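Readers should treat all values here as calculations from the given coordinates under stated rules, not as data from a laboratory. The model shown is predicted, which means the values in this text are computed figures rather than measured ones. Every residue, glycine among them, receives a Cβ derived from its backbone with ideal geometry; neighbour counts consider all protein chains shown.
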Amino acid sequence: GNPKAAIECYRKALDSKPDLTYTLLNAAHAYGQTGDQATAEKFYRRALELDPSLADAANGLGLALAEQHRPEEAKKAFQRAIEIRPDFGSAINNLGVLYGSRGDVNDAIAAFQWGIRVAPDEEDLYLNLGRAYVTMGDRENARRVMEQWLARKPGNPTALRALRELDAK
């Protein structure tokens with residue numbers, strides 16, 4: 001809850017052992033929380049230099065780059081995270097959100113659909129796929145997605161609320 005204090009702790013740890021990838025990841029995340037995306041980017045890149053198999057670092061790098069309005073680089077970072085871990089629902093979701101933010105709704109839908117197939121417990125994928133369908137004016141497919149989510153997670157309050165909103169409009 002206190003990223004600035006956390007950063008101080010991570011910096012001290014990295015002063016004595018600069019190659020601790022877990023600490024680099026946590027420091028990058030904390031910098032991101034403070035809005036310092038450029039420094040977060042540096043820490044994510046350093047973690048990836050040390051261990052190119054860190055999907056979390058590639059995903060975090062994508063988020064930092066997206067926040068810096070560098071969508072092409074962010075896309076590559078999210079794709080790298082997914083290459084490392086093909087069922088990484090969060091990275092797939094972030095890629096879909098990036099596509100959607102650029103107006104590439106069809107690519108966003110494809111990403112969310114694929115994400116649901118490979119990471120069916122990642123709830124954000126269902127919600128964002130439903131939103132993408134609503135953006136396209138396809139409320140029926142949005143409703144089907146929410147029903148699919150409820151079939152997987154009966155009683156899920158977010159899915160129930162989304163269905164109510166779809167039914168109300």
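One table, with the values for the structure above:
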| read-out | value |
| --- | --- |
| Cα Rg, Dmax, region 5-59, angstrom units | 10.1, 28 |
| Nearby aspartates and glutamates by direct alpha-carbon distance to Lys75 (threshold 19 angstrom, same-chain neighbours under 8 apart not counted) | Glu41, Glu49, Asp56, Glu67, Glu83, Asp87, Asp104, Asp107, Asp124 |
| Residues of type lysines that Lys153 reaches as a straight line, Cα spacing below 25 Å, ignoring anything fewer than 8 places off in the same chain | Lys169 |
| Region 121-169 - convex hull of alpha carbons, volume per residue in Å³ | 56 |
| Rounded to 10°, Cα long-axis angle of helix 157-168 versus longest principal axis of the chain | 40 |
| Local electrostatic count, Tyr22, Cβ distance below 11 Å [Lys/Arg +1, Asp/Glu -1] | -2 |
| Pairwise label distance in nanometres, Val105 with Glu165, each label 7 Å out on the Cα-Cβ vector | 1.6 |
| R0 of 30 Å, Cβ-Cβ distance Cys9-Thr158: FRET efficiency to nearest 0.05 | 0.30 |
| Semi-axis lengths, Å, the chain, gyration tensor of Cα atoms, sqrt of 5 times eigenvalues | 34, 16, 14 |
| Fraction of the pair-distance distribution of region 46-145 above 18 Å, Cα-Cα pairs, percent | 44 |
| Gap separating the Cα centres of region 108-147 and region 27-96, nearest whole Å | 23 |
| Efficiency of FRET from Cβ geometry, Gln148 and Glu49, R₀ 41 Å, rounded to 0.05 | 0.55 |
| Candidate lysines for bridging to Lys17, where Cα separation is under 23 Å - those fewer than 8 sequence places away on the same chain excluded | Lys4, Lys42 |
